[in-house]
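**Q** Sharing a structure here in structure tokens format.
The values are calculated or read from the model by the stated rules, or taken from the named source; none is laboratory data. Bear in mind the structure is a predicted one, so any value in this text is a computation, not a measurement. For neighbour counting, all protein chains shown are included, and Cβ atoms are generated from backbone atoms with ideal geometry for every residue, glycine included. Side chains are part of the model used for accessible areas, which takes the heavy atoms of the whole protein and leaves out ligands, DNA and RNA. Shrake-Rupley method; radii C 1.70, N 1.55, O 1.52, S 1.80 Å.
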Amino acid sequence: MVVIGVTGGVGTGKSTVAKMFEALGAVVLDADQLAHEAMEPKRLAWRRVAETFGPKVLNEDQTINRRALARIVFADPEARRRLEAIIHPQVLRRIKQALHHLRSMRSVPAVVLDVPLLVEAGAQELVDVLLVVVAPPEVQRERLTKQYGWTVEEVTERINAQMELSAKAALADYVVDNADGLERTRKQVRQLWRQRMSTRR
């Protein structure tokens, strides 16, 4: 089983690339989804977030108000580090459990870890292949504004909060350029898939 770590900057299209691998036969583990699950009410991460940031980050139904939490952590690097210290261990634990289970099945050709902060979290040892998805800053900004309705300030805060994209790309085994349309991106993904699956046999 080949484990492919897909990461990159916010708005570069990591999840789009992960879905392309899924269409080819990979199982995708989505770190954002795992983080959502970890912060469900009454779970350990939920309790720690509520204790750390207070009732202002909770909705009336006691779920985490992710936008309120984001406003806090993206404006304050120390607050962001505290949140990451709560969430990252929980997500990594769930990923390791899932990988162990999938390996035991012996029928899964590849697993894609869709993890935005894979490098920052020091989780590179979990993957056989590190793939970084890139796109120009203007493309990132346009996508984030359209997809989430974020303000210019919110987009800038999120881009600036992440590791420099060129630094991530320098660490990559493969770089996928997702700036010029889905077909060009899909062609790059298929080429990588063929290459990795052929060396696996």
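**Q** So what is the 222 nm mean residue ellipticity for the chain from helices alone, if each DSSP H run of at least 4 adds -39500 (n - 2.57) and you divide by all residues, rounding to the nearest 500 deg cm²/dmol?
**A** Rounded to the nearest 500, the figure is -18000 deg cm²/dmol.
**Q** Within 10 Å, count the other beta carbons around each residue, average over each peptide in 30-40, 3-13, 94-104, and list them highest first.
**A** Descending packing order for the listed peptides: 3-13, 30-40, 94-104.
**Q** So between THR151 and GLN124, what do we pick up on full extension, going 0.36 nm a residue minus the alpha carbon distance?
**A** 6.5 nm
**Q** What accessible area, in Å² to the nearest ten, does a 1.4 Å probe give for VAL28?
**A** My reading of the accessible area for VAL28 is about 40 Å².
**Q** Write down Rg/Rh for region 8-105, rounded to two decimals, with Rg from the C-alpha atoms and Rh from the Kirkwood relation over Cα pairs.
**A** My calculation of the ratio gives 1.02.
**Q** Toward the positive end of the charge dipole of region 66-136, about the Cα centre and with charges on Cβ (Lys, Arg +1; Asp, Glu -1), which of ILE86, VAL132, LEU113 goes farthest?
**A** Selected residue: ILE86.
**Q** Whole angstrom only: what separates the Cα centroid of region 36-103 from the Cα centroid of region 12-27?
**A** Taking the Cα centre of region 12-27 as reference, the centre of region 36-103 is 24 Å away.
**Q** Enumerate the lysines that LYS168 could reach by cross-link, defined here as Cα to Cα under 24 Å, with residues fewer than 8 away along the same chain left out.
**A** LYS14, LYS19, LYS96, LYS187
**Q** Just the number please: accessible area per residue for the chain, 1.4 Å probe, all protein chains included, in Å².
**A** 54 Å²
**Q** Roughly to the nearest percent, how much of the accessible area of the chain is carbon and sulfur, given a 1.4 Å probe?
**A** 50 percent
**Q** From largest to smallest, what semi-axes in whole angstrom does region 71-128 give when each is the square root of 5 times an eigenvalue of its alpha carbon gyration tensor?
**A** Equivalent ellipsoid of region 71-128: 29, 11, 8 Å, largest first.
**Q** Turning to a different aspect of this structure: Dipole magnitude of region 63-199 about its Cα centre, charges +1 at Lys/Arg Cβ and -1 at Asp/Glu Cβ only, in debye to the nearest 20?
**A** 660 debye
**Q** Moving to a separate point now. How large is the Kirkwood hydrodynamic radius of the chain, counting all unique pairs of alpha carbons, in Å?
**A** Radius from the Kirkwood sum: 17.8 Å.
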